[in-house]
Amino acid sequence: MCGIVGVVGNTNATDILIQGLEKLEYRGYDSAGIFVLGGAENHLVKAVGRIAELSAKTAGVEGTTGIGHTRWATHGKPTEDNAHPHRSETGRFVLVHNGVIENYLEIKEEYLAGHHFKGQTDTEIAVHLIGKFAEEDGLSVLEAFKKALHIIRGSYAFALIDSENPDVIYVAKNKSPLLIGLGDGYNMVCSDAMAMIRETNQYMEIHDQELVIVKADSVEVQDYDGNSRERASYTAELDLSDIGKGTYPYYMLKEIDEQPTVMRKLIQAYTDEAGQVVVDPAIIKAVQDADRIYILAAGTSYHAGFASKKMLEELTDTPVELGISSEWGYGMPLLSKKPLFIFISQSGETADSRQVLVKANEMGIPSLTVTNVPGSTLSREANHTMLLHAGPEIAVASTKAYTAQIAALAFLAKAVGQANGNAKAQAFDLVHELSIVAQSIESTLSEKETIEAKVRELLETTRNAFYIGRGQDYYVAMEASLKLKEISYIQCEGFAAGELKHGTIALIEEGTPVLALLSDPVLANHTRGNIQEVAARGAKVLTIAEENVAKDTDDIVLTTVHPYLSPISMVVPTQLVAYFATLHRGLDVDKPRNLAKSVTVE
Ligand code: F6R
């Protein structure tokens with residue numbers, strides 16, 4: 001989704017902005033732009049398409065201060081006119097914005113009669129409003145910005161420049177992420193630490209409804225009424241080498257391959273020297289105090305919630321309900337008396353989930369965020385956080401975060417169950433079982449060539465496909481089908497195998513690919529019955545089975561793992577299926593159309 005980067009007081013401003021925008025590319029975007037000043041002249045450069053196209057237009061663009069933006073279109077098509085930065089009526093004020101301004105049409109009508117707009121964006125209206133207050137009404141830049149912030153409703157991260165003053169960037173945020181980066185003799189602003197990690201690992205948080213005046217040698221945080229706020233800086237634990245692609249052709253393949261390592265990192269993070277599982281006692285107590293766990297998430301993270309439900313229920317003796325964040329944000333169902341909300345989010349920034357968390361906080365409901373990003377919004381605003389320790393996930397299609405989410409929740413389930421004296425939890429040797437999972441994934445990864453050949457034959461040209469499974473395999477089927485559709489654009493659905501005959505089987509015709517997942521000894525027999533039914537109607541079937549239920553005829557056979565953890569190892573071949581199908585259809589694996597990595601608008 002949209003990204004912001006800004007720098008003040010560095011003679012390499014253009015390079016820093018372009019490199020920062022490149023680091024934001026993974027979030028998904030369709031156009032980009034920069035504004036640079038502090039050199040011989042001011043420059044506004046924009047391009048539709050990739051950062052490389054923007055970069056090609058920046059020869060001779062020099063200055064000390066600037067702002068840059070990657071845009072993921074919400075209001076108006078991806079054109080240069082709609083790309084940020086946007087300028088005020090006279091061109092003096094220049095603004096980049098992430099988020100959505102809800103009352104932009106009202107603002108236009110009420111304040112901006114007679115103004116001329118180049119594009120259709122809500123952002124252009126915001127910068128015209130600031131410009132009007134400063135230039136037509138005679139307010140100082142700061143007063144004009146504050147006045148506009150009191151009027152604007154919605155979600156935003158703003159970085160504003162007065163083109164007559166290269167010494168300052170003004171920023172403000174509400175519900176959209178934005179950080180300050182502290183450099184040596186210069187400072188930065190950014191919507192994602194990733195874009196600044198090359199320059200600095202010293203960051204400063206900005207809270208909602210705060211305005212920050214960023215100069216080369218100072219950073220001043222204020223509320224919208226001008227009261228100063230103290231803010232300490234912190235050191236980010238990101239490692240520059242984590243965010244490179246190395247020798248891999250795509251981040252997605254690198255991230256799929258990293259999964260055994262991530263499992264081992266999680267073991268290190270959640271065990272003590274004696275190998276005992278260790279989870280923050282306050283988190284264990286929060287689960288013990290709850291009469292029901294509600295898991296809130298979106299997309300792949302939602303699927304990870306399903307895959308963890310049985311394990312959480314059986315080990316913690318607490319019922320688990322799942323909610324789609326975008327549905328719950330505006331309509332909470334009847335809750336139990338002592339609910340605990342668990343937010344699962346790779347990025348920790350998903351606006352839909354945050355909407356639910358804000359409500360939960362208002363209602364006094366305790367919350368835990370399970371996330372890959374320390375210091376992310378959902379982490380800061382929930383009562384507790386468990387980290388995924390998966391390292392940055394760059395490919396839009398989530399892989400290692402999904403498996404890490406299930407593994408992290410396994411540590412939670414085990415720790416609570418053990419504290420409660422739950423017999424199943426005591427018997428569940430999680431560290432050992434997770435090591436077997438890591439080995440099972442490694443052996444699947446060593447079969448890439450076989451998987452690629454089968455996928456090519458089955459999926460290279462098809463329009464649609466189905467994943468089927470029962471029990472935990474059904475939950476994996478949901479995730480497997482999302483992975484396949486989001487990057488290969490094959491229309492794919494994941495079904496509970498037994499449901500096929502209640503309608504969906506009508507879609508099976510000669511050559512329709514059906515991928516069946518089999519891990520549970522009892523359920524596998526029933527799924528095999530369903531495989532017969534679709535095969536009899538012409539489906540081309542590919543089976544992925546754990547050894548304990550496998551037959552000689554199965555296509556991909558996985559090492560057997562503990563049933564609670566089977567979604568982790570079972571999903572890996574399906575990630576490879578999506579990867580190879582996309583590769584052979586000639587598409588960009590890491591940057592599927594229309595999608596963004598971190599979905600910061602509702
Ligand atoms: C799909 C994918 C998305 C995310 C969803 C939630 O591969 O990555 O479905 O899972 O947008 O994002 P997070 O987990 O960051 O809250």
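Which far-off residues, 5 or more places away or on another chain, put their amide H under 5 Å from the one on Val541, with H placed in the peptide plane?
Val514
Just how far, in whole angstrom, is the range 428-472 from the range 211-227 if you go by their alpha carbon centroids?
51
Per-residue ellipticity at 222 nm for the chain, helices alone: DSSP H runs ≥ 4 residues times -39500 (n - 2.57), over residue total, nearest 500 deg cm²/dmol?
Dividing the helical sum by the residues of the chain leaves -11000 deg cm²/dmol.
Which residue, Ser443, Tyr475, Leu458, has the largest displacement toward the positive end of the dipole of the range 429-476 when charges sit on each Cβ (Lys, Arg +1; Asp, Glu -1)?
Going by the charge dipole, the pick is Leu458.
With point charges of +1 on the Cβ of Lys and Arg and -1 on the Cβ of Asp and Glu, referenced to the Cα centre of the range 418-549, which listed residue (Ser488, Val431, Pro513) lies farthest in the positive direction of the dipole?
Pro513
Rounded to the nearest angstrom and ordered from largest down, what semi-axes does the equivalent ellipsoid of the range 3-101 get from its C-alpha gyration tensor (root of 5λ)? Don't jump to the answer; show the numbers that get you there.
On the way: eigenvalues 77, 47, 27 Å².
Equivalent ellipsoid of the range 3-101: 20, 15, 12 Å, largest first.
Given labels modelled 7 Å from the Cα in the Cβ direction, how far is it in nm from Arg463 to Arg231?
It works out to 5.2 nm between the two label points.
Would you mind working out the magnitude of the charge dipole of the range 245-428 relative to its Cα centre, with +1 at each Lys and Arg C-beta and -1 at each Asp and Glu C-beta, to the nearest 20 Debye? Display every interim value, and only then the final one.
On the way: 16 positive and 18 negative charges, 19 e Å.
About 100 debye.
Output ³J(HN,Hα) for the range 126-132: one whole-Hz value per residue in order, computed from phi by the Karplus curve 6.51 cos²θ - 1.76 cosθ + 1.60 with θ = phi - 60°, and x for Gly and Pro.
Each residue's phi maps through the Karplus curve to give 4, 6, 5, 5, 4, x, 4 Hz.
Per residue of the range 154-165, what does 6.51 cos²θ - 1.76 cosθ + 1.60 with θ = phi - 60° give for ³J(HN,Hα)? Whole Hz please, x for Gly and Pro, Karplus curve as stated.
x, 10, 7, 10, 10, 10, 10, 10, 9, 5, 8, 9
Ranked from highest to lowest mean number of other Cβ atoms within 10 Å per residue, what is the order of the peptides 329-335, 198-204, 70-76? Present the calculation step by step, with values, prior to reporting the outcome.
Working: 329-335: 11.7, 198-204: 18.0, 70-76: 20.6.
So the order, starting with the most tightly packed, is 70-76, 198-204, 329-335.
For the chain, what is the percent of antiparallel DSSP beta bridges, rounded to the nearest 5?
Numbers: 60 of 99 bridges.
If we restrict to bridges inside the chain, about 60 percent are antiparallel.
Roughly how big is the range 3-241's charge dipole about its Cα centre, with Cβ charges of +1 (Lys, Arg) and -1 (Asp, Glu), in debye to the nearest 20? It would help to have the intermediate numbers written out before the result.
Details: 21 positive and 36 negative charges, 97 e Å.
Using only the charged Cβ atoms, the result is roughly 460 debye.
Ratio of the range 85-218's C-alpha Rg to 2.2 N^0.38 Å, to two decimals? It would help to have the intermediate numbers written out before the result.
Details: Rg = 14.6 Å, N = 134, 2.2 N^0.38 = 14.1 Å.
That works out to 1.04 for the range 85-218.
Give the cross-link partners of Lys400 among the aspartates and glutamates, using a straight C-alpha distance below 15 Å as the criterion and excluding same-chain residues fewer than 8 apart.
Reachable aspartates and glutamates: Asp242, Glu255, Asp257, Glu258, Glu442, Glu479, Asp590.
Residues of the range 518-532 with the amide nitrogen closer than 13 Å to a label point 7 Å from the Cα of Ala423, along Cα-to-Cβ, please.
Under 13 Å, as judged by backbone N against the label point of Ala423, lies no residue of the range 518-532.
Hey, which lysines would be in cross-link range of Lys551, C-alpha to C-alpha under 21 Å, not counting anything within fewer than 8 residues on its own chain?
Partners found: Lys448, Lys454, Lys540.
For the chain, what size does the Cα cloud have along each of its three principal axes, sorted from largest down, in whole Å?
The principal-axis extents, from largest down, are 77, 52, 43 Å.
In terms of Cα to Cα distance under 28 Å, which lysines are near enough to Lys77, apart from those fewer than 8 places away along the same chain?
Result set, ordered by chain and number: Lys23, Lys46, Lys57, Lys108, Lys118, Lys132, Lys173, Lys175, Lys483, Lys485, Lys591, Lys597.
Sorted from fewest to most neighbouring beta carbons within 10 Å, what does the list His69, His389 look like?
Values: His69 30, His389 20.
The most exposed by this proxy come first: His389, His69.
So what is the relative contact order of the chain, in percent, for Cα pairs below 8 Å that sit 6 or more residues apart? Don't skip to the end; give the middle numbers.
On the way: 1352 pairs, mean separation 70.5, N = 602.
After rounding, I find 12 percent.
Quick one: 3J(HN,Hα) in Hz for the range 361-378, Karplus 6.51/-1.76/1.60 with θ = phi - 60°, rounded, Gly and Pro as x.
Ordered by residue, 3J(HN,Hα) equals 5, 4, 8, x, 7, x, 9, 10, 10, 9, 9, 8, 10, x, x, 5, 4, 5 Hz.
Just name one of Ile16, Thr271, Ile67: the one whose Cα is farthest towards the positive end of the charge dipole of the chain (beta-carbon charges, Lys/Arg +1, Asp/Glu -1).
Sorting the options by dipole projection puts first Thr271.
Give me the number: length gained by fully extending Leu142 to Arg537, i.e. 0.36 nm times residue separation minus the C-alpha to C-alpha distance, one decimal in nm. Can you show the working numbers first?
Values: separation 395, 0.36 × 395 = 142.20 nm, distance 6.93 nm.
Going from the current span to full extension adds 135.3 nm.
With label points built 7 Å along Cα→Cβ from the Cα atoms of Glu313 and Arg528, find their separation and express it in nm.
2.7
Dipole size in debye (nearest 20) for the chain around its Cα centre, Lys and Arg Cβ +1, Asp and Glu Cβ -1?
Details: 53 positive and 80 negative charges, 190 e Å.
Here the size comes out at about 920 debye.
Under a Cβ-Cβ cut-off of 14 Å, what is the net charge of the residues other than Ala419 that fall near it, where Lys and Arg count +1 and Asp and Glu count -1? Kindly include the intermediate steps, with their values, before the conclusion.
Working: positive: Lys285, Lys414, Lys424; negative: Asp280, Asp289, Asp317.
With Lys, Arg at +1 and Asp, Glu at -1, the net is 0.
For a quick check: sort Thr399, Thr369 by the number of other beta carbons within 10 angstrom, fewest at the front.
Details: Thr399 30, Thr369 27.
With the sparsest Cβ surroundings first, the list reads Thr369, Thr399.
Determine one quarter of the surface area of the Cα convex hull of the range 339-411, which equals its mean projected area, and express it in nm² to one decimal.
Values: hull surface 18.6 nm².
That works out to 4.7 nm².
What ranking do Thr403, Thr559, Thr247 get, fewest neighbouring Cβ atoms within 10 angstrom at the top? Please list the in-between numbers first.
Working: Thr403 30, Thr559 16, Thr247 6.
Going from sparsest to densest Cβ surroundings: Thr247, Thr559, Thr403.
Based on DSSP, what percent of beta bridges with both residues in the range 3-241 are antiparallel, to the nearest 5? Show your work: numbers first, answer last.
On the way: 59 of 61 bridges.
Taking every DSSP beta bridge with both residues in the range 3-241, the antiparallel ones total about 95 percent.
Every read-out reported here was derived from the displayed coordinates using simple, explicitly stated rules and does not represent laboratory data. Keep in mind that what you see is a predicted model, and the values were worked out from it rather than measured. So basically every Cβ, Gly included, is an ideal-geometry build from the backbone, and we count neighbours across all protein chains shown.
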